[in-house]
Amino acid sequence: MINKKFWKNKKVFISGYEGFLGSNLTKKLISLGADVVGLDIKVRRKETILCPSDYNKIKVIKGSIADYHLIKNIIEKNKIEVVFHLAAEAIVGKCLQNPRKTFISNIKGTWELLEVCRYTKTVKSIVVASSDKAYGSHKKLPYKEDTPLRGEHPYDVSKSCADLITYAYFHTFGLPVAITRCGNIYGPGDFNFNRIVPDAIRCALTDRRLMIRSDGKFIRDYIFIDDIVDAYLLLAEKIRKSKQYGEALNFSNENPISVLKLVKIIYESFNKKPNFRVLNQARYEIRNQYLSSKKSKEILGWQPRYSLKNGINKTIDWYKTLSR
């Protein structure tokens, strides 16, 4: 259960606030009365769930998370208490095309932020977004938090590195950090149609054929955006109150399925027959990957509120509003 009193007038910094997760988290924090400062490489983009009234309630800053002096100025000037570090190059295809940009954003951006926080007395809790991809490929599933981090390709490696750097700042300097590793997040506000859920919904809405990059048999777990927003807020609250810093936590609905089964569920929600073509062209992607959320349930009392079917239906309803 989110503690509304905890967030009232709390000075919060969100890097990557206009992204999929960032915009949903920002919107929730606004509703809780937090004082939000948002940084993004783009600002006031058209494709976001944030509305004009939301922007009027937050402080918007355009810039790179890898800019040390900019971050230092933001955190010190605004006396930030809670940091959510979400800024990253997150699309696997783009990471393959431009690994240098990926490493600057995902790795350098993390150490520059943590280095600023190391010398800032006001910051009391920092939540850093890692990824299930940080684990790399392992035969033993589901992944637990003590599974070794061994990414092999640019995006995966960038997350492994950022994860370990965060861990180092806790163990070496006592920084009040926690790390999240989530399954595949879906829901309202995701405008990246390279991802399977928004692409499948768009194709079902427009009667276009869905192109599946893999062979359709890759296994993943999918988690609804509202459940992840709750997880981030709970984590920031609990680590500050209990001073249980340095933890890495998995968040998943623990219901792994194949891409083909996911697509079937989406089309069934439209009462339509699946219309897709399997390209079998996926490269440098982990075949089977899913998480255990046992630790996050025990430490935070967190539970996902949405089943996959309910989450998909809620997501479809939102995408339908875009096509009107």
Exercise for review: Mind scanning Lys46/Lys314; Lys62/Lys309; Lys62/Lys159; Lys62/Lys243 and naming the pairs with a C-alpha gap bigger than 30 Å?
Suggested key: Lys62/Lys309; Lys62/Lys243
**Study point:** Charge dipole (the stretch 1-112, unit charges on Cβ, about Cα centre) - positive-most of Leu70, Ala88, Thr102
**Key:** Leu70
Revision key, fill the gap. Checked the chain against the a/c 1.5 cut and the a/b vs b/c comparison, axes a ≥ b ≥ c from its Cα gyration tensor; verdict prolate
Study note, to complete from the structure: Exposed GluC sites (Glu not before Pro) being those in a DSSP loop with at most 14 other Cβ atoms within 10 Å, the longest stretch of the chain free of them is 153-324
Practice item. Check each of the trypsin sites (Lys or Arg not before Pro) in the stretch 94-189 and keep only those in coil by DSSP with at most 12 other C-beta atoms within 10 angstrom; list them in order. Key: Lys121, Lys139, Lys140
Practice item. Would you calculate, for the chain, the mean residue ellipticity at 222 nm contributed by helices, counting each DSSP H stretch of 4 or more residues as -39,500 (n - 2.57) and dividing by all residues, to the nearest 500? Key: -12000 deg cm²/dmol
Point to revise | Nearest-20 debye value, the chain charge dipole, Cβ charges on Lys, Arg, Asp, Glu | key: 480 debye
**Study point:** For the stretch 230-301 and the stretch 100-159, distance of Cα centres in Å
**Key:** 17 Å
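Read-outs: derived from the displayed coordinates by stated rules, not from any lab. Computed from a predicted model, the values in this text were never measured in an experiment. Cβ sites come from the backbone with ideal geometry, for glycine too, and all protein chains shown count toward neighbours.
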